Every structure is written in structure tokens, then in C-alpha cells.
1. For T118, T26, T128, what ranking results if the residue with the fewest other Cβ atoms within 10 Å of its Cβ goes first?
2. How large is the helix-only mean residue ellipticity at 222 nm for the chain, computed as the sum of -39500 (n - 2.57) over DSSP H runs with n ≥ 4, divided by its residue count, in deg cm²/dmol to the nearest 500?
3. May I ask you to evaluate 6.51 cos²θ - 1.76 cosθ + 1.60, the Karplus curve with θ = phi - 60°, for each residue of region 129-136 and list the ³J(HN,Hα) values in order in whole Hz, giving x for glycine and proline?
4. To test your reading of the geometry: what angle, between 0 and 90 degrees and rounded to tens, separates the Cα axis of helix 19-32 from the longest principal axis of the chain?
5. Relative to the Cα centre, what is the charge dipole magnitude of the chain, using +1 at the beta carbon of each Lys and Arg, -1 at the beta carbon of each Asp and Glu, and rounding to the nearest 20 debye?
6. Considering the alpha-carbon set of the chain alone, what are its Rg and its Dmax in angstrom?
7. Please work out the FRET efficiency for the pair T94 and T48, using the Cβ-Cβ distance as r and a Förster radius of 35 Å; give the result to the nearest 0.05.
Amino acid sequence: MTRGQWVYAGGRAGNKPSDAEKQVITAGCERFVEDVLKPRFLPEIRPTEFNYCVDISGKWHGSKYRFMQKFRNDHPDRYIEPEFTMPFARLEYTGRDRFDLAYFRHTEQWWPVDRGVTLVKALELLETKGIYHPVI
């Protein structure tokens, strides 16, 4: 290696989904959000005096697909923006149809629990394992 050459050193080099894989994963996750997460955890929006959930969605962040909650706070004396998003679960692409599944801890750290699972198994775990559920 010559002096001054840049080298990738973050995460698992080369484990990025192809565009086709990304489209399939996105479609499956969006369908899961609409068919499972929203009906189960957000059948209706219930305003409260404090932060309350108004939406559940997902989006890519590098090679990771994060499941997000959007919260709203209508209190006039709030110290935060009226709306903000927080992640609650994450699928990290590790290879062809393999993912590490992690939840977002109260310490704002990701904690991987299930490793090397398929997309189908990951979505099943998201539905059944309480640690991955959104905060409602």
C-alpha cells in the first residue's frame, strides 16, 4: 500500500445488497409494516399530553434497514420539535438473504440479538419477539 491511499475500514466490507436485493427487501419490509406493525401497534392515533406515536415506517441506512416510529408532542411547553423519529429495530444485511437483527436500547445503542437469519425469519421474529416491538 502506498502512502496516502484510502482504505475502507468500517463494518463488513463488501456486504451491501445489490439494487435488486434492496428492492426485494424494501418491498417485503414495507408490506410487513403495513400488514403487521401498523394494524397491531398503531390501529389508531391516540393523542396524549406527552409524546405519542403517529406513524411506523422503515428506511435504509447504509446496509441496514431500520424500522422507525414517528412521534408527536402537542404540549405548548415542549422542549423538542413537535415531531421526531426514533428507530426501534434494525435488519443488518450480512450476505445473500442473511441478516443480523438488533433492537434499539434505551441507551441509544443497537443491541444485536438474532444473527444470520433469513428475511422471512427476521420478519417473523420482529412480529413475535417483544424486544423488537415498537414503543406505543
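1. Details: T118 12, T26 15, T128 9.
The order, fewest Cβ neighbours first, is T128, T118, T26.
2. Computed ellipticity for the chain at 222 nm equals -6000 deg cm²/dmol.
3. Whole-Hz 3J(HN,Hα) from phi for region 129-136: 8, x, 5, 8, 6, x, 8, 10.
4. Helix 19-32 sits roughly 20 degrees off the main axis of the chain.
5. Taking the Cα centre of the chain as origin, the dipole is about 620 debye.
6. Cα radius of gyration and Dmax of the chain are 17.2, 60 Å respectively.
7. Efficiency for this residue pair is about 0.35.
Rule-based calculations on the coordinates, nothing more; no lab input. All values reported here derive from a predicted model rather than from experimental measurement. We place every Cβ from the backbone using ideal geometry, glycine too, and count neighbours over all the protein chains shown.
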